[in-house]
1. Take N70 and decide whether it is of a type in the set (S, T, N, Q) and touching a Leu at 6+ places or on another chain (Cβ under 6 Å).
2. Do we have any residue at all in the range 66-84 that's touching a Pro at 6+ places or on another chain (Cβ under 7 Å) and modelled with pLDDT of 90 or more?
3. I want to confirm something. Restricting to the range 105-160 and keeping residues that are over 30 Å from G34 (Cβ atoms) and within 16 Å of the chain's Cα centre (by Cα), which single residue is modelled with the lowest pLDDT?
4. When the range 1-15 is examined, which residues are found to be loosely packed, with under 12 Cβ neighbours inside 10 Å and of a type in the set (D, E, K, R)?
5. Residues in the range 92-108: is at least one touching a residue at least 60 places away in the same chain (Cβ under 8 Å) and among the polar types (S, T, N, Q)?
6. From the list L35, L29, which residue is surrounded by 15 or more Cβ atoms within 10 Å (Cβ to Cβ), modelled with pLDDT of 90 or more and of a type outside the set (S, T, N, Q)?
7. What are the residues in the range 56-106 that are in a helix (DSSP H, G or I) and charged (D, E, K, R), if any?
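The values are calculated or read from the model by the stated rules, or taken from the named source; none is laboratory data. The structure displayed is predicted, hence computed values, not measured ones. When we count neighbours, we look across all protein chains shown, and the Cβ atoms used for this are built from the backbone with ideal geometry, even at glycine.
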Amino acid sequence: MPSEKALLQKQEQVRELVEKLKKAKGVVLADYRGLTVEQDTKLRKTLRDAGIDYQVIKNSTIHFAAQEANLTELEPFLNGPTAVAFSLTDPVAPSKMLTKFDKDFEKFNLKAGVVEGKVIDVDGVKALSNLPSKEQLIAQMLGSLKSPLTGFVNVLNGNLRGLVVALNAIAEKKQEN
């Protein structure tokens, strides 16, 4: 039987994890078994630089937190060692980063993910990683908004050019007379 102090620590860990699961825009669970220390260090540094929180968490802790956060669909994925990557700002970032590591290191395996409170499987995580980044989407949207405006300005300029040419022709005709 665990001591009261240990039990309180575990309950606090579960509370913190519940908060992270509820606040996170994107979460990815992975099996890191077989990574070398060098590979794991590289992974952690890359994720940290991208603003993604990455932790190895006991499955029992994730189990209790998932139940409290209404994410019981995560249960089937809680076997073997589990590392969890959280992003509080970008739902796509953990998927992109960990999918890249999944391709680079054969011993690293994705398990599942959570996006905006919805549990997705490995295929969903990989599909999410193929989406363009937020910056790319904004640039594409601005480009598509700019295109009709540019066309409208060209039409207005064309009409003004036509008016100027017609006025020039009238002025030249009057000068000849």
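1. Details: of a type in the set (S, T, N, Q): yes; touching a Leu at 6+ places or on another chain (Cβ under 6 Å): no.
So N70 fails the test.
2. Start the filter on the range 66-84 by keeping residues that are touching a Pro at 6+ places or on another chain (Cβ under 7 Å), which leaves none.
No, the range 66-84 contains no residue that is touching a Pro at 6+ places or on another chain (Cβ under 7 Å) and modelled with pLDDT of 90 or more.
3. Looking only at the range 105-160, we keep the residues that are over 30 Å from G34 (Cβ atoms), and these are 116-117, 132, 134-160.
Pick out the ones that are also within 16 Å of the chain's Cα centre (by Cα) and you get 116-117, 132, 134-138.
Details: E116: 84, G117: 83, P132: 73, K134: 70, E135: 74, Q136: 75, L137: 73, I138: 80.
Once the filter is applied, the top-ranked residue is K134.
4. Across the range 1-15, the qualifying residues are E4, K5, E12.
5. yes
6. Details: L35 fails: modelled with pLDDT of 90 or more.
Answer to the selection: L29.
7. Pass one, the range 56-106, residues in a helix (DSSP H, G or I): 59-68, 72-77, 93-104.
Listed by number, the residues that qualify are E68, E73, E75, K96, K100, D102, K103, D104.
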